[in-house]
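The structure under discussion appears below in the form of structure tokens.
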Amino acid sequence: MSPILQTKWKSALINIIEELSELQYKKMLEYLEKIPKSKKTPKNRVQMAQLIIEHHGVEESVRVIRSIMPEIPRNDSAIKDLLQPFVDKLENKTTGMKRKAGADPKSGFEKNNIVSDSESSDEEPEADDAETRSNEEKKVPAWRTSIKHLKISGEEPGKLIAGKVVQKSGLRTYETKKKEKKFFFLLGVADETDSIKVMVYGKERFREFVEGRSYTFRNVIIDENVMKVTQKTKTSKMSPLIVPKDLELEAQMLVCKQSPLFSIEQIRTSEETFVSVKGTVTEINRCCQVKVKNKRRKIKVLKFELKDETGRIEVTLWGEDTAQLRGTSVGDFVRVINVKTRSYNNTMSLNSTDSTRILKVQKAAVQDVTMLVIGIVKAGRTSTELEADISGEVTTFTVSSSLLAKVFGVRLGGDFEDRLLDILPFSAEATIQGNQIQNLEASKEM
């Protein structure tokens, strides 16, 4: 497999492992005979994906995972959709090798007819691989060590490591042998090649690191794929690093302890109390304040709806957790980690907890659509909320009021909302991203 496909397989393998329940995950570990028992920890699933690839190799790990899944058993579409593209790649590669004139079918093949990494293939590289190869295969400058190399070779005193802080935990405490209380916190850091968990000692360094910024690290300690920043470690801010999205997600997951990942349908039938789920945001309600029972204070509440291929479910964020949805729009694909199930009147919903995290995986795509505007939620001087039907599904959209007034020849100001209601319903050609209307034109019929 090419380096880009290797990166994609690692990302897919992480998602496969996260799809497993605790019992299924433990069963999978039992089948991984090449990995020492001491390293089969249930605590860090992201690190387990790396260990599987390190001990089996890229291509063999695809074969091993394919053979294990039916035994767990997990042979459903959620797993197949992640695994099958890489199985197909190996099968196509094997077929291509056999077609080579004069090639010995047995040479260059490992067990089960899987070609070794050293062999080439007749396959043409995928278009998206060609487009991203220049970025993902960009050489790390000589003045620093890549995270991938660091994890393989261990610490190199004096050598700089650079990375983007993707995720940061809160302050945590530990107790020394002398029963002294000390502080530390965790960072999820990634560069162009890999991601790593970073443990930073000392309360005084907490404000030094900001999520989204890039830093250099010198004189660190490497312990079981964890980079430790101590008093001897020197750090500095640097220009932003371009980090692949899959590695950013890995870095986030290194810091966020995750409860089992379920589909929405599984959440409704499972007895699990704490779950994680991923899907597309289909609706975001306005943030409001509600009075806390038996207390005199109010707390912020924000509700949104999540959809996957199995159904829809409402998620409620409480207090400071409401800020986690900032910057998220309808149509964005997100991963919601560590939420609590709640059943009321035979309806299942999810509530945020102290450890809830919302990770944006993919931003909503820009689309050109034909919509029928059927209602006005609220018309203001700067923006207007519309109810519009697209292919039989009604969704709330936000649009600039000045754009709306210009397109339909309606005067802005005064009774703007009433004048819009007079021309309802109306058809329009729109460019949307999530629930935001970026451009609008009246349909030719109008």
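In this structure, the residue pairs whose Cα-Cα separation is over 19 Å, taken from LYS168/LYS197; LYS197/LYS257; LYS177/LYS197; LYS26/LYS257, are LYS177/LYS197. Applying 1/(1 + (r/R0)^6) with r as the Cβ-Cβ distance of LYS293 and THR269 and R0 = 25 angstrom yields a FRET efficiency of 0.25.
Looking at the square roots a ≥ b ≥ c of the eigenvalues of the Cα gyration tensor of the stretch 264-362, which shape do they give, rounded for a/c under 1.5, prolate if a/b is larger than b/c, or oblate? Taking the square roots of the gyration eigenvalues as a ≥ b ≥ c, the stretch 264-362 is oblate. Full extension of the chain segment joining MET238 with SER67 gains 57.1 nm, where the gain is 0.36 nm per residue of separation less the Cα-Cα distance.
When the chain is modelled as a GNM with alpha-carbon springs shorter than 10 Å, which of GLU393, GLU71, GLU60 fluctuates the most? Taking springs between Cα atoms under 10 Å, the residue moving most is GLU393. Report, to the nearest 10°, how far helix 3-19 tilts away from the longest principal axis of the Cα atoms in the chain, using its own Cα long axis and a range of 0 to 90°. Once rounded, one gets 70 degrees. Considering helices alone, the calculated mean residue ellipticity of the chain at 222 nm is -8500 deg cm²/dmol, with DSSP H runs of length four and up weighted by -39500 (n - 2.57) and normalised per residue. When +1 charges are put on Lys and Arg Cβ atoms and -1 charges on Asp and Glu Cβ atoms, the dipole computed for the chain relative to its Cα centre reaches about 3020 debye. Full extension of the chain between GLN367 and GLU180 gives 61.6 nm of extra length, using 0.36 nm per residue less the Cα-Cα distance.
Positive-end ranking of GLY375, ASN435, LEU421 along the dipole of the stretch 306-446, with charges on Cβ about the Cα centre, is headed by ASN435.
Calculated FRET efficiency, GLU204 to LYS40, Cβ-Cβ distance, R0 = 35 Å: about 0.40 to the nearest 0.05. Using 0.36 nm per residue and subtracting the Cα-Cα separation, the extra length available between ASP76 and ASN92 on full extension is 3.5 nm.
The residues packed around LEU302, meaning those with a beta-carbon under 9 Å from its beta-carbon, carry a net charge of +2 if Lys and Arg are +1 and Asp and Glu are -1. Dividing the mean sequence gap of close Cα pairs (under 8 Å, 6+ apart) by how many residues the chain holds gives a relative contact order of 9 percent.
The relative contact order of the stretch 366-442, computed from alpha carbon pairs under 8 Å that lie at least 6 residues apart in sequence, is 36 percent.
The local environment of ASP223, defined by Cβ-Cβ distances under 12 Å, has a net charge of +1 under the rule Lys, Arg +1 and Asp, Glu -1.
Values in this text are rule-based calculations from the coordinates and carry no lab data. Just so we're clear, the structure is a prediction, and the values are computed from it rather than from any experiment. So basically every Cβ, Gly included, is an ideal-geometry build from the backbone, and we count neighbours across all protein chains shown.
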